[in-house]
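In what follows, a single structure is set out as structure tokens and then discussed.
Each reported figure results from applying straightforward, stated rules to the coordinates on display, with no laboratory input. Keep in mind it's a predicted model, so treat the numbers as computed, not measured. Every residue, glycine among them, receives a Cβ derived from its backbone with ideal geometry; neighbour counts consider all protein chains shown.
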Amino acid sequence: MSQLQELGAGVYAWMSDEYRRGHPNAGVVIEADAITVVDALACPSQAAELLAAVADTGLGVRRLVVTSSHVEYVGGTSQFTMAGIYGSQQASDQLDLPPNREGYQRLLPELAAEYVELETKRVSHVVSEPAWLSTATVAVPTGGQLRENLVVQVPEANVVFAGALCCFGVTPLAFDGDPAAWADALGPLLDLGQTIVPGHGPVGTADDVIALQAYLWACVEADGDPSRIPTGPWDEWEGRHWDAVNVERAAMLAAGDDSPPPSMLSALGLG
């Protein structure tokens, strides 16, 4: 069960009570004329639950920002019938393609029934440079989890909706990202706000971002061997089986190979 957590006047995190894959968070910014939502969650039923929670405001969702094209951030886009959808060029390109329903079912089997006939909406507004989306929200391009990501800053509240760029207490998954670039991108994120809402896990601060950054660098420095990741805050994170994917991806990129890691294909039953 998810619920709204107030972070400032009109600024809320839509927080999952489960810190694991398939149970992402979202952002909600309520202004005088309309609502901005950050990320569409993993499936239509999750998005419908969020929309029901804000229905009593009497305001419509005018803007939906997707921080990544991965299904955990776009799976519920079909429920946002009247919203403009803001995303990176990469997200736009990916969402122009038919959804990979079988792949989503393998990645998140507990949601498989929702993916049988899943449809996702296309990006209507490509964001390629920092831009005010409303009087309260700024979309900021970044990258690492994918080549191109977005985050949303709410300057007045000192809040950043990091979406796919951050996982706190949950192991990140960089099967088509770049762990080194991802670690680098987390430094500038700290300049955008003190309160960080991740795509997965509890609301965090700079300490959580720094721990994620250290983990990603550890994956790079492991040089293809997950056993070389040292002990650290990540010892208690959910989903450490994804270490193998993150380490292999980093090593492949270092060798100039941008193909999918075999460990990810194996995890999806494709290897």
Residues satisfying the stated conditions in the stretch 105-121, i.e. in contact (Cβ under 8 Å) with a residue 40 or more places away in the chain and β-branched (Val, Ile, Thr): THR120
Some residue of the stretch 32-52 being in a loop (DSSP other than H, G, I, E, B), among the acidic types (Asp, Glu) and within 19 Å of LEU173 (Cα to Cα): yes
Of all residues making up the stretch 166-213, the number that are in a loop (DSSP other than H, G, I, E, B), closer than 18 Å to TRP242 by Cβ and not acidic (Asp, Glu): 9
Which listed residue is free of Cβ contacts under 8 Å to residues at least 40 places away in the same chain, surrounded by 14 or more Cβ atoms within 10 Å (Cβ to Cβ) and closer than 30 Å to PRO155 by Cα, from PRO226, PRO233, PRO198: PRO233
Selection count, the stretch 94-133, where residues are of a type in the set (Ser, Thr, Tyr), under 14 Å from TYR73 (Cα atoms) and out of contact with any Pro (no Cβ under 9 Å at 6 or more places or on another chain): 1
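Being under 24 Å from ALA9 (Cβ atoms), in contact (Cβ under 8 Å) with a residue 60 or more places away in the chain and acidic (Asp, Glu) is true for just one of ASP39, ASP33, ASP56. Which residue is that?
Residue meeting the stated conditions: ASP39.
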